[in-house]
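Just below is one structure, and these are the notes that go with it.
The values are calculated or read from the model by the stated rules, or taken from the named source; none is laboratory data. Just so you know, these numbers come straight off a predicted model, no measurement behind them. Neighbour counts run over all protein chains shown; Cβ positions are idealised from the backbone, glycine included. These accessible areas exclude ligands, DNA and RNA; they are computed on the full protein's heavy atoms, side chains included. Shrake-Rupley method; radii C 1.70, N 1.55, O 1.52, S 1.80 Å.
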Amino acid sequence: MAKAHSYKFCFGPWNISEGSDPYGPTTRPAQTFDWKLAQLKKLGFDAMMFHDDDAVPDIDSKSTAQILKQAKELKKRLDGEGIAAEMTAPRLWFAPQTVDGAYTSNDPKHRQYAIDRSLRCIDIGNILGTDLLVLWLAREGTYLREAKNAKRSTELLVQAFDKMLAHDKKVRLSIEPKPNEPMDHAYIPTIGHALAVAQLTHDPKRVGALIESAHCILAGLDPADEIDFCMTFGKLWSLHLNDQNGLKYDQDKPFGSTNLRSAFNQVRVLERNKYGSRGEYVCFDVHPFRTTKVEHWLAHLDNSRRTFLKLVEKSRSFDEAKSKQLIADRDYQALDQMVIEHLLGK
Ligand code: GLO
Ligand code: MG
């Protein structure tokens, strides 16, 4: 078994979810944040991801002084339990002000709300000891192409990113692209878009990306190639491993659940590029199935981590010399079978 300490793992409080979907209510009772924090440690995870309102609940009803005070209290608790904060992320898809998008809303007051909230989120991150601000640009798109202008929206995104970079000279923005859901089309659908937009900001060095396996699949792309591409630029600063069965709603299945070979290839490129050696975490953005009983509530997180570690082993024991030889002979047929048998344990 690969040593667990060679990778650091995290998840977010939303990954212990209650099972509701657009067609039915919750199937498990809500758990407290304290309980989730305690489980994280028990499962052998190292850090937690925080939306701004995971860290400071009801954030919109609180003054800046109250927000910062509460963030400091949280930091004390995290320190007490030996848990790090991997990142903070402004939740810009819930509030009424984000109904038509956040940074790209057609209402200037709503765009200002999004920026103000992002700057507060950076302040919370500072207190929690993380310089990583994750931006899942959930509603930055539209259901109606004629309602917005993609060029203007891109410019508005760059303006918003520039304000964040100017607000804090150390913060790093990690854009989490997703091509659809909740929007039918999003403005930053892939890693290529994220890295291109980074170049338009005042400090491209501090704008990178977060790859989620399911989001690549939803874009019709291969997650391992996306990881390799992003790491060619030295810009993969966080990672949401999970799985997804084809082009449909976002499933957030356990890592490796649908396509083990794809999971193997993701781990293989992470190994090859030494992901984690600069302090990056492996996060699992996975959800329990709706059918999951309370007593099995944490299995999707534990299983994702187990699968990941087993695939680290598979990656390290892969016969690289033999595969090189097969590649040189252009015997991809044999290479294909070699991978299959390796994964089958033969
Ligand atoms: C949804 C996203 C979401 C983000 C999280 C962090 O599809 O993957 O879970 O990762 O809100 O910003
Ligand atoms: Mg995610």
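Things worth noting here:
- Condition met for Leu239 (hydrophobic (A, V, I, L, M, F, W, C), within 16 Å of ligand 2 (Cβ to nearest atom), surrounded by 13 or more Cβ atoms within 10 Å (Cβ to Cβ) and closer than 24 Å to Ala89 by Cβ): yes
- Taken over the range 43-62, the criterion of being over 18 Å from Phe9 (Cα atoms) and either within 16 Å of ligand 2 (Cβ to nearest atom) or modelled with pLDDT under 95 (or both) is satisfied by Asp52, Asp54.
- Just one of (1) out of contact with any Lys or Arg (no Cβ under 9 Å at 6 or more places or on another chain); (2) surrounded by 11 or more Cβ atoms within 10 Å (Cβ to Cβ); (3) on the phi > 0 side of the Ramachandran plot fails for Gly276. It is (1).
- Which listed residue, of Asp58, Asp79, Asp34, Asp53, is open to solvent by 70 Å² or more (accessible area, probe 1.4 Å) and closer than 19 Å to Tyr113 by Cβ: Asp58
- Restricting the range 244-262 to residues that are within 25 Å of Gly345 (Cα to Cα) and within 13 Å of ligand 1 (Cβ to nearest atom) leaves a set whose member that is surrounded by the fewest Cβ atoms within 10 Å (Cβ to Cβ) is Lys253.
- Cβ-Cβ under 8 Å pairs, at least 6 apart or on other chains, the range 108-122 side without any contact (Cβ under 8 Å) to a residue 24 or more places away in the chain and part of a helix (DSSP H, G or I), far side buried (at least 18 other Cβ atoms within 10 Å of the Cβ) and of a type outside the set (D, E, K, R): Lys109/Gln97; His110/Gln97; His110/Thr98; His110/Gly101; His110/Ala102; Tyr113/Gln97; Tyr113/Thr98; Tyr113/Ala102
- Tallying residues that are of a type in the set (Lys, Arg), open to solvent by less than 50 Å² (accessible area, probe 1.4 Å) and within 13 Å of ligand 1 (Cβ to nearest atom) within the range 120-177 yields 0.
- Any hit, the range 203-214, residues being open to solvent by less than 20 Å² (accessible area, probe 1.4 Å), more than 26 Å from Leu344 (Cα to Cα) and in contact (Cβ under 8 Å) with a residue 40 or more places away in the chain: yes
- Here is the figure for the range 122-164: residues that are of a type in the set (A, V, I, L, M), more than 25 Å from Asp285 (Cβ to Cβ) and in contact with a Ser or Thr (Cβ under 8 Å, 6 or more places away or on another chain) total 2.
- Among the criteria (1) assigned to a helix (DSSP H, G or I); (2) open to solvent by 80 Å² or more (accessible area, probe 1.4 Å); (3) more than 25 Å from Met87 (Cα to Cα), the one Asn265 does not fulfil is (2).
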